[in-house]
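Please read the structure below before turning to the comments.
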Amino acid sequence: MKNTVSTLLKQKQSGDRITMLTAYDYTTARIIDECGVNSILIGDSLGMVMLGYENTLAVTMEDMIHHTKAVARGAKNAFIVADMPFMSYQASVNEAVKNAGRLIKEGGANAVKLEGGAEVCEQIRAIVNASIPVVAHLGLTPQSVNVFGGFKVQGKSLDNAKKLVEDALRIQEAGACAVTLEGIPAKLAEIITKKLFIPTIGIGAGNGCDGQVLVYQDMLGMTLGHTAKFVKKFADVGDVMRKGISDYIEEVKNGTFPSEEHTYAIDDDVIAVIAKEFE
Ligand code: KIV
């Protein structure tokens, strides 16, 4: 059954926790979708985990549409949310609506996600008025990395915590259908979750949110180098890949691959004629 905005809302109301994972390509989206995850996010984190940038700022609308199309072809039941990349919605409300429309019309997403609170409420209102569901994103919003001076936990000071609660209420009032809470203290996320009627989906925001999201490379152990404190490694896919690839190299080098099992046969009399004519 296709997950929709109302599925997520009903899940919040009944206490059924929402599961969300990122995906950026057809094959991964298919596997994640078959496992029954409620929602797939084509995050602009693709800039880091798929394209090798050091942050998300260089990601373009073209990148987002390209990857969203692939995911939409693979995911049949999950609610598909596509990130609006840096500078695709900040400069004007008009551009925000047009770019959100492209992610739905060309990419095949069911909703868009954008970062920020009070300062993007006009954009949220206009996109929702264009019949496009909007997921908001508060807290450690990666597109503000230069303002934060790094990927730092937000909402720890009284002023900052108060602003986050106020922003959450503002984006809900503007029409957001859900909100991602990233990198904020668990107790603050719990208060926000109780205060809102729309679902909260946490990443590094503790267990009191209505749902959770992780970047799939992080939770499957495929990320190279440092991972954040909030990441739990549910499998060691990186090690499985390393072993498989090393075994392949070894077997090609020593001639054990391909064996007869992986080889096509030909009738002896046909090959005898060919051999006679060409050898
Ligand atoms: O880009 C992304 O993957 C995200 C998640 C970390 C929430 O925004």
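The values are calculated or read from the model by the stated rules, or taken from the named source; none is laboratory data. What you are looking at is a predicted structure, and each value in this text was computed from that prediction instead of being measured. Heads up, the Cβs are rebuilt from the backbone with ideal geometry, glycines too, and the neighbour counts pull from every protein chain shown. The accessibility values were calculated without ligands, DNA or RNA, using every heavy atom of the protein model including side chains. Shrake-Rupley method; radii C 1.70, N 1.55, O 1.52, S 1.80 Å.
Computed quantities for the displayed model
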{"quantity": "Tally, over the stretch 187-242, of residues that are within 24 Å of residue 49 (Cβ to Cβ), among the β-branched types (Val, Ile, Thr) and assigned to a helix (DSSP H, G or I)", "calculated": "2"}
{"quantity": "Residue 44 vs. criteria over 12 Å from the mean Cα position of the chain (by Cα) and of a type in the set (D, E, K, R)", "calculated": "no"}
{"quantity": "Answer residue from the stretch 28-57, given it is in contact (Cβ under 8 Å) with a residue 60 or more places away in the chain and assigned to a loop (DSSP other than H, G, I, E, B) and is farthest from the ligand (Cβ to nearest atom) among those", "calculated": "38"}
{"quantity": "Residue check for residue 153: open to solvent by 20 Å² or more (accessible area, probe 1.4 Å), within 28 Å of residue 47 (Cα to Cα) and within 16 Å of the ligand (Cβ to nearest atom)", "calculated": "yes"}
{"quantity": "Criterion (at negative phi and either outside any helix (DSSP H, G or I) or modelled with pLDDT under 95 (or both)) met by exactly one of 96, 168, 91", "calculated": "91"}
{"quantity": "Test for residue 145: is it of a type outside the set (Ser, Thr, Tyr), open to solvent by 10 Å² or more (accessible area, probe 1.4 Å) and either in contact with a Pro (Cβ under 8 Å, 6 or more places away or on another chain) or at pLDDT 95 or above (or both)", "calculated": "yes"}
{"quantity": "Candidates 24, 89, 53 - the one that is closer than 23 Å to residue 144 by Cβ and open to solvent by 50 Å² or more (accessible area, probe 1.4 Å)", "calculated": "53"}
{"quantity": "Single match in 178, 130 (criterion: among the hydrophobic types (A, V, I, L, M, F, W, C), assigned by TED's automatic domain parsing to the domain that holds residue 203, closer than 29 Å to residue 6 by Cβ and under 22 Å from the mean Cα position of the chain (by Cα))", "calculated": "178"}
{"quantity": "Hey, residue 246 at pLDDT 95 or above, among the small types (Gly, Ala, Ser) and open to solvent by 60 Å² or more (accessible area, probe 1.4 Å) or not", "calculated": "yes"}
